[in-house]
1. Quick one: would you say B:VAL259 is under 25 Å from B:GLY186 (Cβ atoms), buried (at least 17 other Cβ atoms within 10 Å of the Cβ), of a type in the set (A, V, I, L, M, F, W, C) and under 14 Å from the mean Cα position of the chain (by Cα)?
2. A:VAL357 is checked against (1) under 30 Å from A:ALA554 (Cβ atoms); (2) at pLDDT 85 or above; (3) in contact with a Ser or Thr (Cβ under 8 Å, 6 or more places away or on another chain); (4) of a type outside the set (Lys, Arg) and fails just one. What number does that condition carry?
3. If only one of A:GLU526, A:GLU496 is under 30 Å from B:ARG285 (Cβ atoms) and buried (at least 20 other Cβ atoms within 10 Å of the Cβ), which one is it?
4. Quick one: is A:GLU552 in contact with a helix residue (DSSP H, G or I) (Cβ under 9 Å, 6 or more places away or on another chain), more than 27 Å from A:SER299 (Cβ to Cβ) and surrounded by fewer than 14 Cβ atoms within 10 Å (Cβ to Cβ)?
5. Looking only at the range A:117-153, filter to residues that are among the hydroxyl-bearing types (Ser, Thr, Tyr) and touching a Phe, Trp or Tyr at 6+ places or on another chain (Cβ under 6 Å); which one of those is nearest to the other protein chains (Cβ to nearest Cβ)?
6. So the check is Cβ under 8 Å with 6+ separation or different chains; which pairs have a first residue in the range A:424-437 that's under 14 Å from A:PHE108 (Cβ atoms) and a second one that's acidic (Asp, Glu)?
7. Please determine whether any residue of the range B:43-56 is within 11 Å of chain A (Cβ to nearest Cβ), within 26 Å of the chain's Cα centre (by Cα) and free of Cβ contacts under 8 Å to residues at least 12 places away in the same chain.
8. Considering only residues that are touching a residue at least 40 places away in the same chain (Cβ under 8 Å) and either farther than 16 Å from A:SER479 by Cα or within 14 Å of another protein chain (Cβ to nearest Cβ) (or both), which ones fall in the range A:531-542?
Amino acid sequence: MQRSKKWIGATLTAVLLGGVLAGCSSGDGNGNENAKGNANGNAAKPADATAAAGTNATPAAPSEKPDDKTPIKITWFVDQDYYKKNWDPVNNLLDKMITDDTGVSIDFSSGTPEKLSALIASGDIPDVVTVDKGNPQRGVLEKSGIMSPLDELIAKYDPDFKVPQSMQDWFRNPDGHFYGYASFFWAKETFKEGDSIRSNQGLYARKDIMDQLGIKPEDFNTKDGLVAALRKVKESGTKYNGFTVTPAYFESWVIGNFFGAPREDASGNLVDRERTPEMLEAYKFLNQLNREGLMPEDSQTLDQNQLQEKVANGAVFAITNKNLDWSALYQKDPKALFVHVGPVTGDAGNKPYVDPVNASGWTLSMINSKTKYPDRIIKLFDYLSTDEMSLNVNYGPKGAAWDFDENGKVKPSDAFNALNAEDANKAKLKYGNGTLQWLINWMPIQRTAPASVTPDAVAKQESAEYFATFTYDMLPFESITPLGGTDEGGINAKIEENRKKQRAKMILAKSEADVEKYFNDEIEMEAKLGYQKFYDYENKQFQDAKKSLGIEFAWPTNQKK
Amino acid sequence: MERTLEAGRLASASEMKASGRRSRWKSQFALQSMVWPGLLFLLVFSYVPMYGILIAFKKYDLFLGIMDSPWAGLTYFREFVTDPNFQNVLRNTLAMNLLALLLSFPAPILFALLLNELTAGRFKRFVQTVSYVPHFVSWVIFGGLILTVLSPSNGVLNLLLVKLHVVEEPINFMAKPELFWFIMVGAEMLKGIGWGAIIYIAAIAGVDPELHEAAKIDGAGRFQRMRYVTVPSIMGTIVIMLIFAVSAILNTGFEQIMVMQNPLNLDVSETIDTYVYKVGLGQMRYSYSTAVGLAKSLVALILLFGANYVSRKLSDNSLF
């Protein structure tokens, strides 16, 4: 008996030990067994490249459909938490188009940058990674050899793939390679007559309420005029749809820009806009609005979605953020339009500015150096980054979702319009419009934007063009932020946290003197957090960027000298 | 591989016949062997990963690896302790935890006691189920619910207060720094009360009914029995839970605070966990984050031993 018990125990132990050992060793082994799958299956399928050439009268680039169309599946990670896409070549026309043209099916996953860090740390990295160009993970991916240099892949597999020179230069690492293809990149050398970089900042107000109260767009040109206009809204107690209309939701940085807060001093050094007198003036101004009840306390606590809801309900009069979409409001009430007004100028009478959208784009898509299909993926990149595909991923496949009208502008199909009006999500599922923008170029879309017919679209178009005239060339300022993992990055995060707090305090302060006090407190606090080191880093980055762009001054008022 | 070798050595050692302890060990071989998997598990998943603590003392680079990254000494500990925000962050963490200790620690005990007095079995089960359902709802959702209820524009609570003319203007609760700690602790209590009560309910179930019967015969009323029979019987459990709570005093729930945070209450809502997340992990500064985590664990360990010691001296109840 004793003996058998002993054996049971020993056997159990052995089994468990075995299990643990197996767990240890099962990690490797599936490395390179699948590489043989598809060498050069050039003749695998008859190339139907002629199909694309047919009806296209517009000067869009010839579509770069790869020859090798053996079905493969690749994995693709996007470091945007909200992004969800299930590859569905059966029901989704865009997915079908891509799979038909390239043979590639994409298995998308997404998550926060922290999730990407975890992926990097575990070494389990998808074939393609899309990363926000400002995220700390980007540097890690580029410097570690995890990702293949795109220039090498292009030279090897797809020499015809033309990546704009400015994109290559801008994202080139010290090792001489560039690793990612940028989405929404504005390559200056590809600009044509009439192209301009747009801004998401601006000053907008509800036209119906302005008309009702006799407010004119010019009233918004001065601080006094703006305050007077907002007061009118408040004092009239205007209600819309049962909601009392809130006069304003303004963002401090946009107002600071309107007041002309500079980003470079006379000797060419970087200026931190948050510390300029113009910015202090902006805080004082917003504080005045708050104290007068023209901009509520919750302007500091509402998130973008909540604000969006208020705007869509018609409960807001004036805003500075173009991303707050008012389409839903317009759908219900064709008179409820937001139009561009002002912009307001500061006491110093500086020319107002708005930040353009980043010319250097949004995300970078990179290719894993260990992927089984480097050739196929680089061709997929080529294919997806063409002008035509930019239009297709934005609107859905040409032919089904849209076509060019006689003026060469995009005209959405009736079927698409009907489904989109019925349920925008259903339209997305069917046409895939706006669901795969990781290699998109916005310029062809801007050039062929559908002719505006509805007052809503006209207003949007006009304000976009209007505020485009207030933009400046932001490129030299776009890569100054310290990289993650560095001490400067840590300081930057701390300063950002403090600023968030102080901003709210200044705007909600009891008196103007308090605003000034908080403003100075913040500067003092930042000194303790290591501001100088952070500034020196940013300034150096800025000077380097100017040098590589071959300019002496970056700020418009300096350039004129 | 080291692990196996070690285990192998142990096994071979057990076969040697030497001192009395060895022979006792041998006679318990079957029983002992049942402990090994557990020990092994601990070793593999708790002790081996501990070498990662080294990260705290190094300028860790993901690609150099832990061993090859250059040493940084106590740089990151110093950075955290000398951070101008350190005092504020520590204060918030401690304040919220002490408040929780004061309010939400006793709550489940009280709840369990009251629940125990319910005689209708079905109703009791219903109440219990309802009370611990919130535990299974994620903080993102629960926090969102709380924010909605407290919202100044369309929140139920403000609607009620305004209609009842308790207040004239809706109160923006989340913008009032002085209320934040109470809202946090309250929300935590609401969410955790049922779940926290389970362990006490189990403890109460283990109370010898004879004690209750004897007390009844002696003429003790319901409250007296609660006070003099039930509570002393579950004192051991309460003390152990208290020791745990004390040792966790530097931890605050991370998600709930992230969900409820906004620039207006940042002064009182930033805790060690959220701050380190933002300036450490969020910026891929692993050394800094590890250093703070390690410092926190150290304090927790000291507190655990301290609380255990005090409780052993005072009440004879202790973990070890």
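1. no
2. (2)
3. After applying the criteria, what remains is A:GLU526.
4. yes
5. This residue is A:SER144.
6. If the second residue must be acidic (Asp, Glu), the pairs left are A:GLY432/A:ASP95.
7. Yes, the range B:43-56 contains a residue that is within 11 Å of chain A (Cβ to nearest Cβ), within 26 Å of the chain's Cα centre (by Cα) and free of Cβ contacts under 8 Å to residues at least 12 places away in the same chain.
8. A:TYR531, A:LYS533, A:PHE534, A:TYR537
The values are calculated or read from the model by the stated rules, or taken from the named source; none is laboratory data. Fair warning: this is a prediction, and the values are worked out from it, not measured in the lab. Cβ coordinates were reconstructed from backbone atoms using ideal geometry, including for glycine residues, and neighbour counts include every protein chain displayed.
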